[in-house]
1. Do we find that Ser136 is assigned to a helix (DSSP H, G or I) and at pLDDT 80 or above in this structure?
2. Cβ contacts < 8 Å: first residue within 15 Å of Gly125 (Cα to Cα), restricted to the stretch 138-155; second residue outside any helix (DSSP H, G or I), any location; separation 6+ or different chain. Result?
3. Suppose we filter Leu56, Leu70, Leu86 for residues that are surrounded by 14 or more Cβ atoms within 10 Å (Cβ to Cβ), within 16 Å of Leu113 (Cβ to Cβ) and at pLDDT 85 or above; which single one remains?
4. Going residue by residue through the stretch 26-35, is there one that turns out to be part of a strand (DSSP E or B), modelled with pLDDT under 80 and not assigned by TED's automatic domain parsing to the domain that holds Glu93?
5. Looking at the stretch 7-24, which of its residues are out of contact with any Asp or Glu (no Cβ under 8 Å at 6 or more places or on another chain) and within 21 Å of Arg96 (Cα to Cα)?
Amino acid sequence: MAGKGKQDMVCDNCGEAGAVVHFTQVVNNETKTSHLCERCATEKGLQTKIPSTNLLLADFLAKMGGDEPLSPGGPQEELTCPFCGLSTADFKEVGRLGCPQCYSTFEEYLRGLLRRIHGGTQHVGKVYLPPDPSASEKEKRLEALRRTLVRAIDSEDFERAAELRDQIRTLEPAS
């Protein structure tokens, strides 16, 4: 749909121009995208405006991190996404990134936030495993669990290590 502006998109529900909400659903591995105007999105129960809250995401993160600055170069460093124009101040105010390019632009800033929230920047949580995975998928899952187990042992998180050991045993082929 190159060349069409935001107001030119037609609402899939009422057929009027002005579709501004793009809603994607995945049901039974089938993806369906709907383009809706604000009125139809509201009727379907979709939130069309970012709620104004007293506690913004950046404020919350700043309180979690103590007195250290939120951005890597200190509070004076103001970054701006070259694609969508979102600035560091805008991100602090809204708490959302503007486009996929923002992840590259604010990479160091986001790493600092993730490190403070999660204690690291690498995902170590659960990985989705389909109900009947193939042998190669099981091997990949087992290898990931084994790496996570080593990290848990290294960090002396023995409770997590025991959980991982049990998960590995359930996935390993019976000998």
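1. Spelling it out, it is not the case that Ser136 is assigned to a helix (DSSP H, G or I) and at pLDDT 80 or above.
2. Pairs found: Arg141/Val127; Arg141/Leu129; Arg141/Pro133; Leu142/Glu172; Ala144/Val127; Thr148/Val124; Arg151/Val124.
3. Leu86
4. yes
5. Of everything in the stretch 7-24, those that are out of contact with any Asp or Glu (no Cβ under 8 Å at 6 or more places or on another chain) and within 21 Å of Arg96 (Cα to Cα) turn out to be His22, Phe23, Thr24.
The values are calculated or read from the model by the stated rules, or taken from the named source; none is laboratory data. From a predicted model like this one, the values you see are computed outputs, not experimental measurements. Neighbour counts are summed over all protein chains in view; Cβ atoms, including those assigned to glycine, are modelled from backbone coordinates with ideal geometry.
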